[in-house]
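For reference, the structure discussed in these notes is given below.
Bear in mind that the values in this text are calculations on the coordinates, not laboratory data. None of these values were measured; they are calculated from a predicted model. Note that we place each Cβ from the backbone using ideal geometry, even for glycine, and neighbour counts take in every protein chain shown.
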């Protein structure tokens with residue numbers, strides 16, 4: 001298959017040659033130069049993502065807002081959005097990916113090696129589906145559907161397992177959603193999801209170039225889903241997750257609970273609402289309810305005001321969830 005990463009080789013090479021290599025030589029990290037090329041690729045894709053978000057999604061929020069500017073102008077909401085921007089820069093500019101690679105590349109290789117020694121082969125879907133290997137576009141779509149199916153169940157687990165909800169609830173704590181809100185996650189939550197995704201991609205044989213593009217496209221679509229826009233796909237909403245469909249998932253109470261105090265919710269699909277329809281968690285109500293977590297009522301700083309406070313309180317909620325079990 002044509003390498004998707006070769007679409008932007010010159011930009012990656014320039015960043016590598018003029019920015020990364022000099023810094024790594026200066027700090028005595030020349031042994032990591034070969035591995036750092038992947039970080040440059042993520043950085044370049046991240047710059048493209050940020051450009052699309054600002055050039056395309058920002059105007060959409062101005063012209064078709066779900067909540068008017070008067071709601072967004074409050075100081076508290078402006079500060080909360082600024083924190084979301086920090087999360088977005090950490091993820092989109094490759095910092096999270098770089099740290100994840102340094103910390104977890106060796107453990108992932110060890111796990112994969114152990115699985116192969118134990119007789120667990122890599123299940124390349126291209127070998128299972130006739131003709132898939134001869135159609136790069138079709139193989140890309142099939143891998144995307146498989147990963148989305150698994151991500152649906154991971155997302156449900158984030159809402160139904162109390163210890164995981166202790167972390168994931170930070171993502172739902174934003175009361176004024178914008179296209180920056182997608183990256184508002186506890187870092188440990190991101191590590192668990194990213195670790196699972198990399199392991200699954202290797203087990204089913206997703207080519208690295210396809211995996212990068214799948215992640216980039218998924219992140220862009222999730223940014224659009226979180227945008228402050230009054231958008232629905234109408235009759236086609238059962239085919240692709242719309243901002244309205246996902247906004248209901250963030251609705252206070254209804255989106256993350258099956259009933260008051262009972263973890264669960266609706267509309268867990270990442271890209272495809274098919275799984276919500278199939279497993280009975282879909283809601284296509286044309287509603288634009290207030291977003292947030294029910295337990296935030298009356299406690300504005302429940303999830304923290306800044307990045308580090310939010311991370312600390314996430315660990316605190318996790319500890320309480322783990323130690324409060326009978």
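Here is how the numbers come out for the structure above:
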read-out: Residue 302/residue 102 FRET efficiency (R0 25 Å; Cβ-Cβ; nearest 0.05); value: 0.15
read-out: In nm, spacing of pseudo-spin labels at residue 118 and residue 287 (7 Å Cα→C-beta vector); value: 4.3
read-out: Estimated distance in nm for a label pair at residue 95 and residue 111, the labels positioned 7 Å out from Cα along Cα-to-Cβ; value: 2.5
read-out: Zone residues, the range 209-223, relative to residue 128, backbone N less than 14 Å from point 7 Å out along Cα-to-Cβ; value: none
read-out: Inverse mean reciprocal Cα-Cα distance (Kirkwood Rh) of the range 146-289, Å; value: 15.5
